[in-house]
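Report on the structure given below.
Taken together, the values in this text are just the output of simple stated rules run on the coordinates, not laboratory data. What you are looking at is a predicted structure, and each value in this text was computed from that prediction instead of being measured. Virtual Cβ from ideal backbone geometry, glycine too; neighbours counted across all protein chains shown.
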Amino acid sequence: MALRIRRDDQVVVISGKDRGRTGTVISVDPSRERVVVEGVNIVKRHQRPNPSALPGTPASQGGVVEQEGPIHVSNVMLVDPKTNQPTRVGVTRTDDGRAVRVAKRSGQQID
């Protein structure tokens, strides 16, 4: 399934514990329909210390590491570049046949 949200898009979370927060999309997983948004859905991972055997590479210290977790794509909406409000995304064809994303709220082309 092709998602209408891409990496580096500005999105707002519309449901869940982080509702109302905005952030930039870090990564997209189309097969699982999930996105990772910067500063949203912070989870704690317990990481084992890793003394690196290779010279010149940093050794990881281990401990509790906080990082962003994936959230379902239905829980985020794209931010309209014109109005800075959440908007749905449509796809239209240009004169030369390219498919471009369009903000439904303002009609402005996103790509």
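General observations
- Solvent-free Debye calculation, one equal scatterer per alpha-carbon of the chain: log10 I(q)/I(0) at 0.16 Å⁻¹ equals -0.78.
- Long-range HN-HN contacts of VAL76 with modeled amide H, under 5 Å: ILE14
- Proximal aspartates and glutamates to LYS44, defined as alpha-carbon separation beneath 14 angstrom and excluding residues fewer than eight positions away on the same chain: GLU66, GLU68
- Amide H partners (placed H, <5 Å) of GLU33, local residues excluded: none
- Within-14-Å neighbourhood charge of GLN85 [Cβ basis; K, R +1; D, E -1]: +3
- Partners of LYS82 within straight-line reach, counting lysines whose Cα lies under 30 Å from its Cα and excluding those fewer than 8 residues away in the same chain: LYS17, LYS104.
- The chain: relative contact order in percent, alpha carbon pairs under 8 Å with at least 6 residues between: 21
- Lys, Arg +1 and Asp, Glu -1 on Cβ, resulting dipole of the chain about Cα centre, debye, nearest 20: 320
- Point-charge dipole on Cβ atoms (K/R +1, D/E -1) for the stretch 1-57, about Cα centre, debye to 20: 220
- Estimated vicinal HN-Hα couplings, Hz - the stretch 4-12 in sequence order (Karplus 6.51, -1.76, 1.60; Gly, Pro = x): 9, 10, 10, 4, 6, 6, 8, 10, 10
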